[in-house]
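This report refers to the structure that appears directly beneath it.
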């Protein structure tokens, strides 16, 4: 599928559910990153809302903003013609998501002051930049189950532009990141999600990984932890996405760390990610029924990835502080900021 197809809006104001588009990028060689989101929430009672989010990570210093507006004041749609793009407008922020990249600009104010940005990004050429779906089959994206859907239209992208926070301005030139899209009728009871783009000392992209471990609800029952993982290295994608082989999955969620060992048809994989609590933001994720879960998010996590293919040599990739790591938990383990 194409990025525009993967980014098209799926939820509606009159139907309970949650949908999010997000961007994140890291400054190569430093623990500095931004994370932007546009989210819609269709509650079981009352009008829907649209939200614009921004979180910043700069060493041990973090800040977060969240502005909510009526869904009716937002605009989410797909244009027409050969250069069609998804356009998202909410709370004064505007995103354009096309086939080869996109743009975003906006400004938010809150307890952390004022933040504004004007950014553009382009898809990484070749295999690493192609859209990624962690589900075992693309047909599951539009199927009733699983109810939580996750697509990554741009697994590896390059960002440029400016971001201003108070008196501080970040000149963003060729930061490396990604763009994702997810939707569900309600947030999962628990999950850990992670993504990392690995680079050589000279800045060349050499690999990427994205994966998740979580529990979902089916027919009023909560499942055991289920894990999905995708790895790209050189010109190959290694998939670990067989939902029924839970005995071949060994995940551990121990905040602020997540790890998983998996075995699949293509070999064995081990992924370990660890964030530092003082470098994370804690955000309230609201469900359509009014309940709340707590997102604990780092964009500067340490990552270790080991893969032993059935055929060919094994490899190991590491990153000191460019991993995107998110936990959704029933309770807040650090003080929520928004």
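The values are calculated or read from the model by the stated rules, or taken from the named source; none is laboratory data. Just so it is clear, the model here is predicted, and its values are computed rather than measured. Don't worry about glycine lacking a Cβ; one is built from the backbone with ideal geometry, like all the others, and counts go over all protein chains shown.
Every residue in segment 22-61 that is in contact (Cβ under 8 Å) with a residue 40 or more places away in the chain, assigned to a loop (DSSP other than H, G, I, E, B) and touching a strand residue (DSSP E or B) at 6+ places or on another chain (Cβ under 7 Å), please. Residues satisfying the conditions are 27, 28, 31. Could we say that residue 138 is out of contact with any strand residue (DSSP E or B) (no Cβ under 9 Å at 6 or more places or on another chain) and surrounded by fewer than 19 Cβ atoms within 10 Å (Cβ to Cβ) here? Taking the combined requirement at face value, the residue satisfies it.
What about residue 99, is it free of Cβ contacts under 8 Å to residues at least 24 places away in the same chain, part of a loop (DSSP other than H, G, I, E, B) and closer than 26 Å to residue 1 by Cβ? Judged against the criteria, residue 99 is not a match.
When residue 89 is tested against (1) within 29 Å of residue 230 (Cβ to Cβ); (2) in a strand (DSSP E or B); (3) free of Cβ contacts under 8 Å to residues at least 24 places away in the same chain, only condition (1) is not met. Looking across segment 292-306 at every residue that is under 12 Å from residue 274 (Cβ atoms) and touching a residue at least 60 places away in the same chain (Cβ under 8 Å), the one that is surrounded by the fewest Cβ atoms within 10 Å (Cβ to Cβ) is identified as 303.
Counting only residues that are surrounded by 15 or more Cβ atoms within 10 Å (Cβ to Cβ) and more than 18 Å from residue 109 (Cβ to Cβ), segment 59-73 holds 1 of them. Per the listing 267, 314, the residue uniquely on the phi > 0 side of the Ramachandran plot and touching a strand residue (DSSP E or B) at 6+ places or on another chain (Cβ under 7 Å) is 267.
Table: residues versus (1) assigned to a strand (DSSP E or B); (2) modelled with pLDDT of 95 or more; (3) touching a helix residue (DSSP H, G or I) at 6+ places or on another chain (Cβ under 8 Å).
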site: 270; (1), (2), (3): yes, yes, no
site: 282; (1), (2), (3): yes, yes, no
site: 295; (1), (2), (3): yes, yes, no
site: 300; (1), (2), (3): yes, yes, yes
site: 318; (1), (2), (3): yes, yes, no
site: 322; (1), (2), (3): yes, yes, no
site: 326; (1), (2), (3): yes, yes, no
site: 333; (1), (2), (3): no, no, yes
site: 338; (1), (2), (3): no, no, no
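Looking across segment 166-206, just one residue is without any contact (Cβ under 8 Å) to a residue 24 or more places away in the chain and closer than 19 Å to residue 306 by Cβ, and that is 200.
Would you be able to say whether some residue in segment 183-199 is more than 22 Å from residue 122 (Cβ to Cβ), in contact with a helix residue (DSSP H, G or I) (Cβ under 9 Å, 6 or more places away or on another chain) and in a strand (DSSP E or B)? For segment 183-199, residues more than 22 Å from residue 122 (Cβ to Cβ), in contact with a helix residue (DSSP H, G or I) (Cβ under 9 Å, 6 or more places away or on another chain) and in a strand (DSSP E or B): absent.
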